[in-house]
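Participant: Quick one: this structure, given as C-alpha coordinates, is what I'll be asking you about.
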Amino acid sequence: MSDNKQCPTWQLLKPYIAGDTDDFITRISIDHTPEMTSSIVVTRYWTGPKIPFLEDLTYSDEEMFVDKVSPSDLAVIFCTSGSTGYSKLVPRTHADTVNCLLMRDVAWYRKTYGQSVKITMYSDRLLGLIGGFSFSSTVVTKVLKDSYTLDESTASQDFWDAVTNEDCTFAIMAPLEVEKRITHITSSGGVFPKKLKYLIVIGQPMTKEQVKKMFLLSESVVVAYGSTEVSSIAGITVQEDNFESYNCGKPSKGNMLRVVGDQNGLCKPKEVGTIQVKGERVFSGYYNKLEHPDPDTLKAFTEDGWFNLEDCGYLDDEGNVFVLGRNKDTITYGAAVVYPGWLEDQISLHPDVILACVVPVSDPVLYHNICACVKLSSTSTVGVEEIKSFCEQRFLPNLVSAYTPRPAFYLIFKEDFPELKTSKPDRLTLKRLAEEQFGYQKV
(Lines give C-alpha, C1' and ligand atoms only; values in the text may rest on other atoms or scores of the structure.)
Protein backbone atom coordinates (compact mmCIF):
# COMPACT_ATOMS: atom_id res chain seq x y z
CA MET A 1 0.00 0.00 0.00
CA SER A 2 1.04 3.58 -0.61
CA ASP A 3 1.65 5.85 2.38
CA ASN A 4 -0.13 8.64 0.52
CA LYS A 5 -2.94 9.92 2.75
CA GLN A 6 -5.28 9.97 -0.26
CA CYS A 7 -4.74 6.26 -0.93
CA PRO A 8 -7.94 4.30 -0.04
CA THR A 9 -5.91 1.29 1.16
CA TRP A 10 -3.93 3.52 3.52
CA GLN A 11 -7.14 5.05 4.89
CA LEU A 12 -8.61 1.58 5.43
CA LEU A 13 -5.61 -0.13 7.05
CA LYS A 14 -3.87 2.70 8.92
CA PRO A 15 -5.87 2.07 12.16
CA TYR A 16 -4.59 -1.54 12.17
CA ILE A 17 -0.89 -0.83 11.70
CA ALA A 18 0.94 -2.33 14.67
CA GLY A 19 4.51 -1.81 13.46
CA ASP A 20 6.75 1.06 12.45
CA THR A 21 5.62 2.71 9.22
CA ASP A 22 9.23 3.72 8.56
CA ASP A 23 10.01 0.04 8.00
CA PHE A 24 9.86 -1.40 4.50
CA ILE A 25 7.46 -4.09 5.77
CA THR A 26 5.20 -3.06 8.62
CA ARG A 27 3.11 -5.29 10.89
CA ILE A 28 -0.71 -5.27 10.70
CA SER A 29 -3.09 -6.67 13.32
CA ILE A 30 -6.78 -7.18 12.43
CA ASP A 31 -8.82 -9.44 14.70
CA HIS A 32 -11.31 -10.61 12.06
CA THR A 33 -8.60 -11.05 9.37
CA PRO A 34 -5.82 -12.86 11.26
CA GLU A 35 -4.11 -14.08 8.07
CA MET A 36 -3.20 -10.49 7.11
CA THR A 37 -0.09 -9.86 9.18
CA SER A 38 2.03 -7.39 7.21
CA SER A 39 2.12 -4.87 4.41
CA ILE A 40 4.80 -3.51 2.10
CA VAL A 41 4.67 0.26 2.49
CA VAL A 42 5.41 1.88 -0.86
CA THR A 43 6.73 5.42 -1.00
CA ARG A 44 8.34 7.66 -3.60
CA TYR A 45 9.94 9.90 -1.00
CA TRP A 46 12.72 9.68 1.57
CA THR A 47 11.02 9.44 4.98
CA GLY A 48 13.51 8.97 7.79
CA PRO A 49 15.50 5.77 7.21
CA LYS A 50 13.07 4.47 4.59
CA ILE A 51 14.33 4.47 0.99
CA PRO A 52 11.93 5.14 -1.90
CA PHE A 53 10.47 1.84 -3.07
CA LEU A 54 11.95 1.67 -6.57
CA GLU A 55 15.42 2.64 -5.36
CA ASP A 56 15.22 -0.01 -2.66
CA LEU A 57 14.26 -2.70 -5.17
CA THR A 58 17.05 -1.61 -7.51
CA TYR A 59 19.94 -1.25 -5.08
CA SER A 60 19.06 -3.38 -2.04
CA ASP A 61 21.51 -6.16 -1.19
CA GLU A 62 18.87 -8.10 0.75
CA GLU A 63 17.97 -11.55 -0.51
CA MET A 64 14.65 -11.41 -2.36
CA PHE A 65 13.60 -15.06 -2.16
CA VAL A 66 11.81 -17.28 0.34
CA ASP A 67 13.04 -20.73 1.40
CA LYS A 68 10.94 -23.90 1.34
CA VAL A 69 8.37 -23.02 -1.32
CA SER A 70 6.46 -25.93 -2.84
CA PRO A 71 4.46 -25.97 -6.09
CA SER A 72 1.18 -26.23 -4.15
CA ASP A 73 1.89 -23.13 -2.04
CA LEU A 74 -0.13 -19.99 -2.68
CA ALA A 75 1.84 -17.61 -4.92
CA VAL A 76 -0.48 -14.68 -5.56
CA ILE A 77 -4.10 -13.66 -5.00
CA PHE A 78 -5.66 -11.66 -7.84
CA CYS A 79 -8.78 -9.55 -7.54
CA THR A 80 -11.52 -9.47 -10.14
CA SER A 81 -12.42 -6.13 -11.72
CA GLY A 82 -15.48 -5.54 -9.55
CA SER A 83 -17.87 -5.23 -12.48
CA THR A 84 -20.36 -7.42 -10.57
CA GLY A 85 -20.46 -4.93 -7.69
CA TYR A 86 -17.52 -6.13 -5.62
CA SER A 87 -14.13 -7.73 -6.26
CA LYS A 88 -13.71 -11.44 -5.61
CA LEU A 89 -10.34 -12.98 -4.76
CA VAL A 90 -8.74 -15.53 -7.10
CA PRO A 91 -5.82 -17.54 -5.63
CA ARG A 92 -3.06 -19.05 -7.76
CA THR A 93 -0.36 -21.48 -6.63
CA HIS A 94 3.23 -21.55 -7.88
CA ALA A 95 2.30 -24.58 -10.01
CA ASP A 96 -0.56 -22.59 -11.58
CA THR A 97 1.65 -19.64 -12.47
CA VAL A 98 4.31 -21.83 -14.13
CA ASN A 99 2.42 -24.72 -15.72
CA CYS A 100 -0.91 -23.18 -16.69
CA LEU A 101 -0.06 -19.53 -17.23
CA LEU A 102 3.63 -18.74 -17.76
CA MET A 103 4.55 -21.68 -20.00
CA ARG A 104 1.47 -21.30 -22.19
CA ASP A 105 2.13 -17.57 -22.57
CA VAL A 106 5.77 -18.21 -23.49
CA ALA A 107 4.74 -20.89 -26.00
CA TRP A 108 2.16 -18.53 -27.54
CA TYR A 109 4.62 -15.66 -27.92
CA ARG A 110 7.29 -17.88 -29.48
CA LYS A 111 4.89 -19.69 -31.81
CA THR A 112 3.25 -16.45 -32.93
CA TYR A 113 6.23 -14.13 -33.13
CA GLY A 114 9.29 -16.39 -33.45
CA GLN A 115 11.74 -18.12 -31.13
CA SER A 116 14.25 -15.28 -30.94
CA VAL A 117 12.01 -12.21 -31.21
CA LYS A 118 12.75 -9.46 -28.71
CA ILE A 119 9.50 -8.45 -27.04
CA THR A 120 9.22 -5.16 -25.18
CA MET A 121 5.63 -4.49 -24.18
CA TYR A 122 3.89 -1.39 -22.86
CA SER A 123 1.16 -2.27 -20.34
CA ASP A 124 -1.48 -0.11 -18.69
CA ARG A 125 -2.75 -3.06 -16.61
CA LEU A 126 -2.44 -3.01 -12.82
CA LEU A 127 -0.07 -5.59 -11.33
CA GLY A 128 -2.83 -6.86 -9.04
CA LEU A 129 -4.91 -7.88 -12.05
CA ILE A 130 -4.15 -11.00 -14.02
CA GLY A 131 -3.70 -8.99 -17.23
CA GLY A 132 -0.89 -6.99 -15.64
CA PHE A 133 1.01 -9.73 -13.82
CA SER A 134 4.34 -10.69 -15.43
CA PHE A 135 3.85 -14.41 -16.00
CA SER A 136 5.82 -14.13 -19.24
CA SER A 137 8.80 -12.22 -17.84
CA THR A 138 11.20 -14.82 -19.28
CA VAL A 139 10.46 -13.58 -22.80
CA VAL A 140 8.82 -10.18 -22.31
CA THR A 141 10.15 -6.92 -20.86
CA LYS A 142 7.26 -4.76 -19.67
CA VAL A 143 7.09 -0.96 -19.66
CA LEU A 144 4.46 0.04 -17.10
CA LYS A 145 2.23 3.05 -16.66
CA ASP A 146 3.19 4.89 -13.46
CA SER A 147 -0.03 5.70 -11.61
CA TYR A 148 1.89 7.55 -8.89
CA THR A 149 3.10 10.34 -11.13
CA LEU A 150 0.48 10.14 -13.88
CA ASP A 151 -0.66 13.52 -15.18
CA GLU A 152 -3.68 12.95 -17.41
CA SER A 153 -3.01 16.19 -19.31
CA THR A 154 0.30 14.79 -20.58
CA ALA A 155 -0.49 11.06 -20.31
CA SER A 156 -0.95 10.53 -24.05
CA GLN A 157 2.37 12.11 -24.97
CA ASP A 158 4.08 10.36 -22.05
CA PHE A 159 2.68 7.06 -23.33
CA TRP A 160 4.03 7.61 -26.83
CA ASP A 161 7.40 8.82 -25.52
CA ALA A 162 7.70 5.64 -23.44
CA VAL A 163 6.74 3.42 -26.39
CA THR A 164 9.28 5.18 -28.62
CA ASN A 165 12.16 5.49 -26.15
CA GLU A 166 11.87 1.91 -24.92
CA ASP A 167 11.38 0.57 -28.47
CA CYS A 168 8.14 -1.21 -27.57
CA THR A 169 6.86 -3.56 -30.24
CA PHE A 170 3.77 -4.64 -28.27
CA ALA A 171 1.21 -2.97 -26.04
CA ILE A 172 -1.54 -4.44 -23.88
CA MET A 173 -4.26 -1.91 -23.09
CA ALA A 174 -7.93 -1.46 -22.31
CA PRO A 175 -10.03 -0.13 -25.23
CA LEU A 176 -10.89 3.07 -23.33
CA GLU A 177 -7.21 3.80 -22.77
CA VAL A 178 -6.46 3.24 -26.47
CA GLU A 179 -9.28 5.61 -27.44
CA LYS A 180 -7.93 8.29 -25.09
CA ARG A 181 -4.39 8.08 -26.49
CA ILE A 182 -5.44 8.07 -30.15
CA THR A 183 -7.97 10.90 -29.69
CA HIS A 184 -5.57 13.12 -27.78
CA ILE A 185 -2.63 12.68 -30.12
CA THR A 186 -4.65 13.12 -33.34
CA SER A 187 -6.66 16.09 -32.04
CA SER A 188 -3.50 17.90 -30.96
CA GLY A 189 -1.92 17.48 -34.39
CA GLY A 190 0.45 14.74 -33.32
CA VAL A 191 1.53 11.83 -35.48
CA PHE A 192 2.57 8.24 -34.89
CA PRO A 193 6.07 8.12 -36.39
CA LYS A 194 6.38 4.42 -35.68
CA LYS A 195 3.57 1.93 -35.27
CA LEU A 196 3.47 -0.90 -32.78
CA LYS A 197 3.67 -4.36 -34.29
CA TYR A 198 0.88 -5.73 -32.11
CA LEU A 199 -1.71 -4.02 -29.91
CA ILE A 200 -3.47 -6.43 -27.53
CA VAL A 201 -6.83 -5.10 -26.29
CA ILE A 202 -8.63 -6.71 -23.39
CA GLY A 203 -11.46 -6.02 -20.97
CA GLN A 204 -14.64 -5.64 -23.04
CA PRO A 205 -16.31 -6.72 -26.31
CA MET A 206 -14.98 -4.80 -29.33
CA THR A 207 -16.89 -3.32 -32.26
CA LYS A 208 -15.60 -3.10 -35.82
CA GLU A 209 -15.39 0.71 -35.58
CA GLN A 210 -13.27 0.54 -32.41
CA VAL A 211 -10.82 -1.93 -33.93
CA LYS A 212 -10.60 0.06 -37.17
CA LYS A 213 -9.30 3.13 -35.29
CA MET A 214 -6.61 1.06 -33.59
CA PHE A 215 -4.72 0.51 -36.83
CA LEU A 216 -3.59 4.14 -36.47
CA LEU A 217 -1.49 2.88 -33.58
CA SER A 218 -0.49 -0.64 -34.61
CA GLU A 219 0.14 -2.86 -37.61
CA SER A 220 -1.94 -5.66 -36.07
CA VAL A 221 -4.60 -5.77 -33.39
CA VAL A 222 -5.11 -8.77 -31.08
CA VAL A 223 -8.60 -8.92 -29.58
CA ALA A 224 -8.25 -11.04 -26.43
CA TYR A 225 -11.02 -12.54 -24.34
CA GLY A 226 -10.07 -13.42 -20.79
CA SER A 227 -11.05 -13.37 -17.15
CA THR A 228 -9.26 -13.33 -13.82
CA GLU A 229 -10.49 -16.85 -13.11
CA VAL A 230 -9.17 -18.32 -16.38
CA SER A 231 -6.58 -15.86 -17.78
CA SER A 232 -6.67 -16.18 -21.59
CA ILE A 233 -9.92 -17.70 -22.88
CA ALA A 234 -9.80 -16.92 -26.60
CA GLY A 235 -8.20 -14.51 -29.05
CA ILE A 236 -7.96 -13.36 -32.65
CA THR A 237 -5.25 -11.43 -34.50
CA VAL A 238 -6.60 -8.84 -36.97
CA GLN A 239 -4.22 -7.49 -39.60
CA GLU A 240 -6.66 -5.86 -41.99
CA ASP A 241 -10.01 -4.11 -41.84
CA ASN A 242 -11.88 -7.41 -41.85
CA PHE A 243 -12.95 -7.65 -38.21
CA GLU A 244 -16.49 -8.66 -37.32
CA SER A 245 -17.87 -6.93 -34.23
CA TYR A 246 -17.64 -8.95 -30.98
CA ASN A 247 -15.52 -11.73 -32.53
CA CYS A 248 -13.03 -13.02 -29.94
CA GLY A 249 -11.58 -15.79 -32.08
CA LYS A 250 -11.01 -19.40 -31.20
CA PRO A 251 -10.42 -20.83 -27.71
CA SER A 252 -6.88 -20.63 -26.34
CA LYS A 253 -4.95 -23.91 -26.23
CA GLY A 254 -6.06 -25.99 -23.26
CA ASN A 255 -9.54 -24.43 -23.12
CA MET A 256 -12.89 -25.91 -24.14
CA LEU A 257 -15.83 -23.57 -24.66
CA ARG A 258 -19.53 -24.20 -24.89
CA VAL A 259 -22.64 -22.00 -25.04
CA VAL A 260 -25.73 -23.14 -23.15
CA GLY A 261 -29.35 -22.02 -22.90
CA ASP A 262 -31.66 -21.59 -19.92
CA GLN A 263 -31.88 -25.31 -19.14
CA ASN A 264 -28.11 -25.80 -19.64
CA GLY A 265 -28.73 -27.37 -23.05
CA LEU A 266 -26.15 -26.78 -25.78
CA CYS A 267 -26.93 -23.91 -28.14
CA LYS A 268 -26.73 -24.30 -31.90
CA PRO A 269 -24.17 -22.23 -33.87
CA LYS A 270 -25.10 -18.51 -33.77
CA GLU A 271 -27.70 -19.12 -31.05
CA VAL A 272 -27.11 -16.74 -28.13
CA GLY A 273 -26.63 -18.22 -24.69
CA THR A 274 -24.29 -18.24 -21.70
CA ILE A 275 -20.59 -18.95 -22.31
CA GLN A 276 -18.92 -21.62 -20.19
CA VAL A 277 -15.30 -22.83 -20.14
CA LYS A 278 -13.39 -25.87 -18.92
CA GLY A 279 -9.63 -26.51 -18.97
CA GLU A 280 -6.37 -26.50 -17.06
CA ARG A 281 -6.19 -22.70 -16.94
CA VAL A 282 -9.45 -22.46 -14.98
CA PHE A 283 -9.07 -21.71 -11.28
CA SER A 284 -10.31 -24.12 -8.62
CA GLY A 285 -12.27 -21.67 -6.46
CA TYR A 286 -12.36 -18.21 -4.88
CA TYR A 287 -10.24 -17.36 -1.84
CA ASN A 288 -12.44 -17.35 1.24
CA LYS A 289 -11.21 -18.16 4.75
CA LEU A 290 -14.52 -17.26 6.39
CA GLU A 291 -16.99 -19.63 4.71
CA HIS A 292 -16.59 -23.25 3.65
CA PRO A 293 -17.66 -24.17 1.10
CA ASP A 294 -17.40 -20.75 -0.52
CA PRO A 295 -20.86 -19.75 -1.87
CA ASP A 296 -19.46 -17.83 -4.86
CA THR A 297 -17.45 -20.90 -5.92
CA LEU A 298 -20.50 -23.15 -5.69
CA LYS A 299 -22.48 -20.77 -7.92
CA ALA A 300 -19.62 -20.40 -10.41
CA PHE A 301 -19.36 -24.07 -11.50
CA THR A 302 -21.88 -26.43 -13.03
CA GLU A 303 -22.33 -29.95 -11.66
CA ASP A 304 -20.22 -31.32 -14.51
CA GLY A 305 -17.33 -28.93 -13.83
CA TRP A 306 -17.84 -26.08 -16.34
CA PHE A 307 -17.05 -22.54 -15.16
CA ASN A 308 -19.86 -20.10 -15.87
CA LEU A 309 -18.32 -16.90 -17.29
CA GLU A 310 -21.67 -15.07 -16.95
CA ASP A 311 -21.15 -13.64 -20.44
CA CYS A 312 -23.73 -13.91 -23.22
CA GLY A 313 -22.60 -14.78 -26.72
CA TYR A 314 -22.48 -17.50 -29.34
CA LEU A 315 -20.19 -19.76 -31.36
CA ASP A 316 -20.21 -19.54 -35.15
CA ASP A 317 -19.85 -22.45 -37.58
CA GLU A 318 -16.02 -22.17 -37.50
CA GLY A 319 -15.79 -22.30 -33.70
CA ASN A 320 -15.14 -18.58 -33.13
CA VAL A 321 -16.70 -17.18 -29.97
CA PHE A 322 -18.64 -13.90 -30.17
CA VAL A 323 -19.07 -12.13 -26.81
CA LEU A 324 -22.00 -9.71 -26.61
CA GLY A 325 -21.63 -8.64 -22.97
CA ARG A 326 -22.49 -9.66 -19.43
CA ASN A 327 -25.70 -11.56 -18.74
CA LYS A 328 -26.56 -9.10 -16.00
CA ASP A 329 -26.41 -6.24 -18.53
CA THR A 330 -29.27 -7.56 -20.67
CA ILE A 331 -32.40 -5.41 -20.69
CA THR A 332 -35.99 -6.69 -20.41
CA TYR A 333 -37.84 -4.34 -22.80
CA GLY A 334 -41.45 -5.46 -22.75
CA ALA A 335 -41.48 -8.96 -24.23
CA ALA A 336 -38.01 -8.53 -25.75
CA VAL A 337 -34.63 -9.35 -24.22
CA VAL A 338 -32.18 -6.70 -25.44
CA TYR A 339 -28.44 -7.31 -25.65
CA PRO A 340 -26.83 -3.85 -25.36
CA GLY A 341 -24.02 -4.61 -27.82
CA TRP A 342 -25.93 -4.01 -31.06
CA LEU A 343 -27.34 -0.68 -29.87
CA GLU A 344 -23.93 0.41 -28.58
CA ASP A 345 -22.33 -0.54 -31.89
CA GLN A 346 -24.76 1.67 -33.83
CA ILE A 347 -24.35 4.67 -31.51
CA SER A 348 -20.55 4.37 -31.71
CA LEU A 349 -20.70 5.02 -35.47
CA HIS A 350 -21.07 8.74 -34.75
CA PRO A 351 -17.62 10.29 -35.38
CA ASP A 352 -17.63 12.18 -32.05
CA VAL A 353 -18.56 9.16 -29.92
CA ILE A 354 -15.69 7.51 -28.06
CA LEU A 355 -17.82 4.95 -26.23
CA ALA A 356 -21.48 4.11 -25.76
CA CYS A 357 -23.00 2.09 -22.92
CA VAL A 358 -26.67 1.16 -22.96
CA VAL A 359 -28.28 0.63 -19.53
CA PRO A 360 -31.81 -0.07 -18.28
CA VAL A 361 -34.08 2.31 -16.37
CA SER A 362 -37.30 1.26 -14.65
CA ASP A 363 -40.55 1.63 -16.58
CA PRO A 364 -44.12 0.89 -15.34
CA VAL A 365 -45.21 -0.62 -18.69
CA LEU A 366 -42.12 -2.10 -20.33
CA TYR A 367 -40.35 -3.09 -17.06
CA HIS A 368 -37.17 -1.55 -18.51
CA ASN A 369 -36.72 1.41 -20.80
CA ILE A 370 -33.36 2.19 -22.38
CA CYS A 371 -30.81 4.91 -21.67
CA ALA A 372 -27.71 5.47 -23.82
CA CYS A 373 -24.70 6.76 -21.86
CA VAL A 374 -22.38 8.35 -24.38
CA LYS A 375 -18.76 9.45 -23.97
CA LEU A 376 -17.81 12.15 -26.49
CA SER A 377 -14.37 13.24 -27.61
CA SER A 378 -12.95 16.17 -25.66
CA THR A 379 -13.17 18.44 -28.73
CA SER A 380 -16.79 17.58 -29.59
CA THR A 381 -19.38 20.36 -29.63
CA VAL A 382 -22.46 18.17 -30.18
CA GLY A 383 -25.14 17.79 -27.54
CA VAL A 384 -28.00 15.47 -26.61
CA GLU A 385 -30.28 16.50 -29.49
CA GLU A 386 -27.60 15.88 -32.12
CA ILE A 387 -26.80 12.43 -30.72
CA LYS A 388 -30.49 11.59 -30.41
CA SER A 389 -31.14 12.70 -34.00
CA PHE A 390 -28.22 10.60 -35.26
CA CYS A 391 -29.45 7.54 -33.37
CA GLU A 392 -33.01 7.90 -34.62
CA GLN A 393 -31.71 7.94 -38.19
CA ARG A 394 -29.78 4.73 -37.44
CA PHE A 395 -32.58 2.93 -35.60
CA LEU A 396 -35.83 4.09 -37.21
CA PRO A 397 -35.27 2.37 -40.61
CA ASN A 398 -34.93 -0.91 -38.69
CA LEU A 399 -38.02 -0.51 -36.54
CA VAL A 400 -40.77 -3.09 -36.84
CA SER A 401 -43.09 -1.32 -34.42
CA ALA A 402 -43.15 1.43 -31.84
CA TYR A 403 -41.98 -1.13 -29.31
CA THR A 404 -38.81 -2.10 -31.18
CA PRO A 405 -35.95 -1.46 -28.71
CA ARG A 406 -34.14 1.86 -29.02
CA PRO A 407 -32.85 4.45 -26.51
CA ALA A 408 -35.48 6.72 -25.01
CA PHE A 409 -33.01 8.66 -22.86
CA TYR A 410 -29.43 9.91 -23.20
CA LEU A 411 -26.65 10.86 -20.77
CA ILE A 412 -23.73 12.72 -22.35
CA PHE A 413 -20.21 12.69 -20.86
CA LYS A 414 -16.78 14.02 -21.78
CA GLU A 415 -13.98 13.87 -19.19
CA ASP A 416 -16.09 12.56 -16.30
CA PHE A 417 -17.27 9.27 -17.82
CA PRO A 418 -17.46 6.70 -14.94
CA GLU A 419 -14.74 4.07 -15.18
CA LEU A 420 -13.46 1.25 -12.98
CA LYS A 421 -9.80 1.10 -12.00
CA THR A 422 -9.41 -1.45 -14.78
CA SER A 423 -10.48 1.20 -17.37
CA LYS A 424 -13.73 -0.66 -18.01
CA PRO A 425 -16.96 1.36 -18.09
CA ASP A 426 -18.53 1.47 -14.63
CA ARG A 427 -21.95 0.18 -15.63
CA LEU A 428 -23.27 0.08 -12.06
CA THR A 429 -22.64 3.81 -11.63
CA LEU A 430 -24.10 4.52 -15.08
CA LYS A 431 -27.22 2.52 -14.17
CA ARG A 432 -27.60 4.47 -10.94
CA LEU A 433 -27.19 7.85 -12.67
CA ALA A 434 -29.67 6.90 -15.40
CA GLU A 435 -32.19 5.56 -12.88
CA GLU A 436 -31.97 8.71 -10.74
CA GLN A 437 -32.64 10.95 -13.73
CA PHE A 438 -35.04 8.91 -15.88
CA GLY A 439 -36.36 5.98 -13.84
CA TYR A 440 -40.01 5.50 -12.90
CA GLN A 441 -40.73 7.16 -9.57
CA LYS A 442 -43.67 5.76 -7.62
CA VAL A 443 -45.75 8.48 -5.97
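Participant: In deg cm²/dmol and to the nearest 500, what is the mean residue ellipticity at 222 nm of the chain if only DSSP H runs of at least 4 residues count, each as -39500 (n - 2.57), divided by the residue total?
Facilitator: -6000 deg cm²/dmol
Participant: To continue, here is another question. Calculated FRET efficiency, E435 and D262, Cβ-Cβ r, R0 25 Å, to nearest 0.05?
Facilitator: Efficiency computed from Cβ-Cβ geometry: 0.40.
Participant: Putting +1 on Lys and Arg Cβ atoms and -1 on Asp and Glu Cβ atoms, find which of A171, V323, A155 reaches farthest to the positive end of the dipole of the chain.
Facilitator: Final value for the positive-end residue is V323.
Participant: About its Cα centre, how strong a charge dipole does the chain have in debye, to the nearest 20, once Lys and Arg get +1 and Asp and Glu get -1 at the Cβ?
Facilitator: Rounded to the nearest 20 debye, it is 760 debye.
Participant: Right, something else. Please work out how much accessible surface I25 shows to a 1.4 Å probe, ignoring ligands, DNA and RNA, in Å² rounded to 10.
Facilitator: So the heavy atoms of I25 present about 90 Å² to solvent.
Participant: To make sure I understand the rule: partners must be aspartates and glutamates, Cα under 13 Å from the Cα of K88, and not fewer than 8 residues away in the same chain. Which ones qualify?
Facilitator: In chain and number order, the partners are E229, D294, D296.
Participant: In what sequence, largest accessible area first, do S72, S2 appear using a 1.4 Å probe?
Facilitator: Greatest to least solvent exposure: S72, S2.
Participant: Starting from the Cα of D151, step 7 Å along the direction of its Cβ; do the same at S72; then give the gap between the two resulting points in nm.
Facilitator: 5.3
Participant: State to the nearest 20 debye the size of the charge dipole of segment 228-359 about its Cα centre, where the only charges are +1 on K and R beta carbons and -1 on D and E beta carbons.
Facilitator: Approximately 340 debye in magnitude.
Participant: To continue, here is another question. Stretched out fully, how many nm does the piece from K289 to L144 gain, at 0.36 nm a residue minus the Cα gap?
Facilitator: 49.0 nm
Participant: Give, as a single signed number, the net charge of other residues whose beta carbon lies under 15 Å from the beta carbon of K289, with Lys and Arg counted +1 and Asp and Glu -1.
Facilitator: Combined, the nearby Lys, Arg, Asp and Glu give -4.
Participant: Let me ask you something else. Going by alpha carbons, how many degrees (0 to 90, nearest 10) lie between the helix axis of 427-438 and the longest principal axis of the chain?
Facilitator: 40
Participant: Turning to a different aspect of this structure: Between the alpha-carbon centers of segment 343-365 and segment 276-307, tell me the distance in whole angstrom.
Facilitator: Going from one Cα centre to the other spans 33 Å.
Participant: Continuing with this model, one more query. Quick check: pseudo-label points 7 Å beyond the Cα along Cα→Cβ at R27 and S134, how many nm apart are they?
Facilitator: Taking the two extended label points, one gets 3.2 nm.
Participant: Please report, as a whole percent, how much of the solvent-accessible surface of the chain comes from carbon and sulfur atoms (probe radius 1.4 Å).
Facilitator: 53
Participant: Between W46 and T332, 0.36 nm times their residue separation minus their Cα-Cα distance comes to what?
Facilitator: The span from W46 to T332 would gain 97.4 nm if fully extended.
Participant: Here is a further query. Return the lysines within reach of K414: Cα separation strictly under 25 angstrom, same-chain partners fewer than 8 residues apart disregarded; answer none if there are no such residues.
Facilitator: Excluding near neighbours in sequence, the set is K145, K180, K208, K212, K213, K375, K388, K424, K431.
Participant: While we're looking at this one, here's another question. Mind checking which aspartates and glutamates have their Cα closer than 20 Å to the Cα of K195? Skip sequence neighbours fewer than 8 apart in that chain.
Facilitator: Candidates past the 8-residue exclusion: D124, D158, D161, E166, D167, E177, E179, E209, E219, E240, D241.
Participant: Return the distance in nm (one decimal) between the two label points of a simple spin-label model at T379 and K250, each offset 7 Å from Cα along Cα→Cβ.
Facilitator: 4.2
Participant: Here is a follow-up. What's the FRET efficiency of L127 with E419 using the Cβ-Cβ distance as r and R₀ = 25 Å, to the nearest 0.05?
Facilitator: E(calc), rounded to 0.05, equals 0.85.
Participant: In debye, nearest 20: dipole of segment 310-443 around its Cα centre with unit charges on the Cβ of K, R (+) and D, E (-)?
Facilitator: 400
Participant: Right, something else. Could you calculate the contour length gain from T58 to V98, that is, 0.36 nm times the residue separation minus the distance between their Cα atoms, to one decimal place in nm?
Facilitator: The span from T58 to V98 would gain 11.9 nm if fully extended.
Participant: Now a separate question. Could you do me a favour and compute the accessible area per residue for the chain, 1.4 Å probe, result in Å²?
Facilitator: 53
The values are calculated or read from the model by the stated rules, or taken from the named source; none is laboratory data. Please read all numbers here as calculations on a predicted model, not as lab measurements. Counting neighbours? That spans all protein chains shown, and the Cβs are built from the backbone with ideal geometry, glycine included. Side chains are part of the model used for accessible areas, which takes the heavy atoms of the whole protein and leaves out ligands, DNA and RNA. Shrake-Rupley method; radii C 1.70, N 1.55, O 1.52, S 1.80 Å.
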